[in-house]
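The values are calculated or read from the model by the stated rules, or taken from the named source; none is laboratory data. Remember, it's a predicted structure, so these values are computed and weren't measured experimentally. Glycine also receives a Cβ, built like all others from the backbone with ideal geometry; neighbour counts cover every protein chain displayed.
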Amino acid sequence: MTATSEAPAAFRNAAARPSPLGLLIEAIGDITSRRRLVRYLVQAEVKKRGADTLLGNVWWILDPLLLMGVYVVLVTIITSRALPDYPLFIFAAILPWKWFTAAVTDATGSIVNQHRLIKQIAFPKIVLPVAATTAGIVGFGFGLIPLAAIMAFYGDRFSPLVLLIPVIAVVQYVFTVAVAILVAAGNVFFRDLGNVVRHLLRLWWYLSPGLYALSHLDGISLFENPVLRFIAHANPFAVLFEAYRSVIYGTPDGPPIPPDWTSLLILLVASTAFLALASVAFKRLEPSFAKVL
Amino acid sequence: MTDRPGPITDTDDAIGTRDLGVRYSLRFSRKKSMQRTLSQLLTREPAEQFWALRHVDLRVVHGESLAVIGPNGAGKSTLLQVLAGIIRPSEGVVDVRGHVSALLTLGAGFDVDLSGSENILLAGAFLGLDDRLMRDLLPGIVEYADLGQFIDAPLKTYSSGMRARLGFAIATSVDPDILLLDEVLATGDATFRAKSKARVLELVRDAKAVVLVTHDMEWVREYCNRAVLIEHGQIAFEGDPDEVVALHREHTEDEKRRKAAEARAAGLAPAIAR
């Protein structure tokens, strides 16, 4: 019987310092060679969330619906400026946003929580935040069920363009993984990063066009400043929310239209570059994890 | 290929280190907050550092069973972590040839919400073992750990003895070339301890090389053919197990006497001051 193991190979020299490209290739190898581990971790995560509560997987469906209810009440009653078919309008943003926050929050603790394991087994740590992000896809998938229900309610907004949701989700996934591995590594060195991240996420949500349309900013004098205007439009979640919304909701007065492909493509390219940089940074920091934890 | 030849010149060697050093920086030590670290960076307060290991030259040839002994905090476990590839050396070179299995502490990767069999597969994936191999090994592991019908129950329903048995069974399920052991011999109840000791001996016999960290001096004298004494991160003495154990005992006694003398002095000092 032979054990095939990628465990500690051979020669380690303290003087050797791998190049960024070498680190990137290593990171890709870490993930591809440990696909099985990522899969098991994702399965474990999903099982845990479903099994622990009375209603189990029903929470995956109820949670975004309840959140939507809160925002609908908030906006229609307090500001009384709701757009037509407003529940569908914001649900198109709540769904992807919940995936992002869940993934980033879970990834933040993913390495620190496994400190015992990291001090005892040599394995590529990058699988931990990647698994946390990937597990979020399941929640996103469950969220499509209430989405279908809401769309059935607003029947005239339905179009085959909803089939483009997975394409937009791929772009979001690339961006999310990059953020996830950065916060996971950062949290090893700064244990209170989790608090910072929680508040930044909340701020990010309100600064992104989730409850309002991106065009809403045009009416605000502050955003006449070209720099602020650029930042508002370059915000990855401005691009993503607008894209999801255009295939799910359309415009306030019209049915769904294809997303802005140019912005999506730019975001995909930028996110891929960001992911490459994040992976290199992660691999740089990885050797210190076992010492710091 | 370089003008700095590797530490290993002989192909019989399983492990070699040359001038190995591991340095810890206390700047980012555990549970430091961002505020504390940033203020240190801003005030340019130099980071405290300490060498857990330094100038360690070690060779373990095939067929050898090496004991690493020494007082607590001397760097024994750090040495095993470096050999297992968990920690990268801060200076020097380490060369380990063959499939390494490290039995450091058992059951580290367990997830209490998963069942016994799921944990076996997960542990295998963490160890980097082939999934098919792990599935083949599964029945044997379950039988060895004596889990019975509990195998499909979540781990949180297990007793601590069952968890320890499962951890041991997984860690020893694959025959490694190089076996690294850190005080895992005392596990579970008396019956299982005897069983696990027999299994460790079997692994020690089959492995091409063994490095063992322990405080069990009887084991060292009985089953190891060489020993090193590590003190303050350096190899203080290396040689025949009996000699090394004797020296370690001597040093421990000295240390005790010194501590006692210090305590006496500290106790007397206030009296003198008065």
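Some points to look at:
- Qualifying positions in the range B:145-176 - of a type in the set (Lys, Arg) and over 26 Å from B:Ala207 (Cβ atoms): B:Lys156
- Residue check for A:Ala213: away from chain B (no Cβ under 14 Å) and at negative phi: yes
- Of note, B:Val60 does not satisfy the criterion of being part of a helix (DSSP H, G or I), in contact with a strand residue (DSSP E or B) (Cβ under 8 Å, 6 or more places away or on another chain) and not assigned by TED's automatic domain parsing to the domain that holds B:Lys195.
- The single residue among A:Val188, A:Val196 that is more than 24 Å from A:Leu74 (Cβ to Cβ), crowded, with 21+ Cβ neighbours inside 10 Å, of a type in the set (Val, Ile, Thr) and modelled with pLDDT under 95 turns out to be A:Val188.
- Check on A:Thr105, more than 14 Å from chain B (Cβ to nearest Cβ), surrounded by fewer than 20 Cβ atoms within 10 Å (Cβ to Cβ) and hydroxyl-bearing (Ser, Thr, Tyr): yes
- Residue check for A:Arg245: basic (Lys, Arg) and outside any helix (DSSP H, G or I): no
- Residue match in the range A:105-114 (condition: touching a residue at least 60 places away in the same chain (Cβ under 8 Å) and in contact with an Asp or Glu (Cβ under 8 Å, 6 or more places away or on another chain)): yes
- When we screen A:Leu201, A:Leu217 for residues that are aliphatic (A, V, I, L, M), in a helix (DSSP H, G or I) and buried (at least 18 other Cβ atoms within 10 Å of the Cβ), the only hit is A:Leu217.
- Restricting the range A:247-286 to residues that are in contact (Cβ under 8 Å) with a residue 60 or more places away in the chain and of a type in the set (S, T, N, Q), the residue that is nearest to A:Val183 (Cα to Cα): A:Ser279
- Consider the range A:45-73 and keep the residues that are at pLDDT below 80 and not charged (D, E, K, R). The one that is farthest from the chain's Cα centre (by Cα) is A:Leu54.
- Of the residues examined, B:Ala125 is not one that is more than 13 Å from chain A (Cβ to nearest Cβ), crowded, with 16+ Cβ neighbours inside 10 Å, of a type in the set (Gly, Ala, Ser) and without any contact (Cβ under 8 Å) to a residue 40 or more places away in the chain.
- Among (1) in the same structural domain as B:Gly116 (by TED's automatic domain parsing); (2) at pLDDT below 80 - the single one B:Arg199 does not satisfy: (2)
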